[in-house]
Amino acid sequence: MGIHREPITPAIWKSPHKRGFQIPTPQKNAIRQSYAEGHVTRRFLQDKYSLGQTIIRRILFYPLATRERIGRIGPKYLLSNAEVDDIKTYCAKSWEHRILTYKKLKEALGLNCSVKTLGKRMNQRGFFR
């Protein structure tokens with residue numbers, strides 16, 4: 001027979017979706033529950049909630065319950081933001097430090113990155129030469 005579960009009452013859809021605004025999580029959960037528990041079609045959900053096919057599909061098959069996104073993907077930065085800020089502070093301390101080229105700055109601080117990476121990360125953090 002299987003395990004009998006009481007159906008969960010989905011949240012009530014309060015207003016039609018306004019273009020350009022995010023659908024609140026309770027309404028997304030209501031759509032997911034209606035689809036999973038009620039065995040209704042996607043077309044029925046489109047008509048009931050006045051949403052397009054793409055939006056319904058994204059809600060149903062989004063891997064996470066809430067709108068969480070994975071952060072930066074890829075290898076870690078060789079220079080973190082904090083390290084770059086420390087380098088900027090070092091350069092701001094005296095004129096001799098300010099006139100150092102990126103190559104000399106890398107050698108003076110003993111950094112484990114290329115000169116190109118140092119320049120790129122400094123520019124990303126707002127330090128321009």
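With neighbour counts taken as other beta-carbon atoms within 10 Å, the residues CYS91, CYS113 rank, fewest first, as CYS113, CYS91. How would you classify the stretch 21-64 from its alpha-carbon gyration tensor, with a ≥ b ≥ c the square roots of the eigenvalues: rounded for a/c under 1.5, else prolate if a/b is greater than b/c, otherwise oblate? Rounded shape, in that the Cα axes give a/c under 1.5.
Would you please classify the overall shape of the stretch 81-124 from the alpha carbon gyration tensor, given that a ≥ b ≥ c denote the square roots of the eigenvalues, rounded means a/c under 1.5, and beyond that prolate means a/b larger than b/c while oblate covers the rest? Walk me through the intermediate numbers first.
Details: a/c = 1.62, a/b = 1.22, b/c = 1.33.
Verdict is oblate for the stretch 81-124.
Which of the lysines could be linked to LYS48 by a straight reach, that is with a Cα gap under 28 Å, when you skip same-chain ones fewer than 8 residues away? By straight Cα distance, LYS48 reaches LYS14, LYS18, LYS28.
Where a number appears in this text, it was derived from the coordinates with a stated rule and is not lab data. Not measured: the values here are computed from a predicted model. Backbone-built Cβ (ideal geometry, glycine too); neighbour counts: all protein chains shown.
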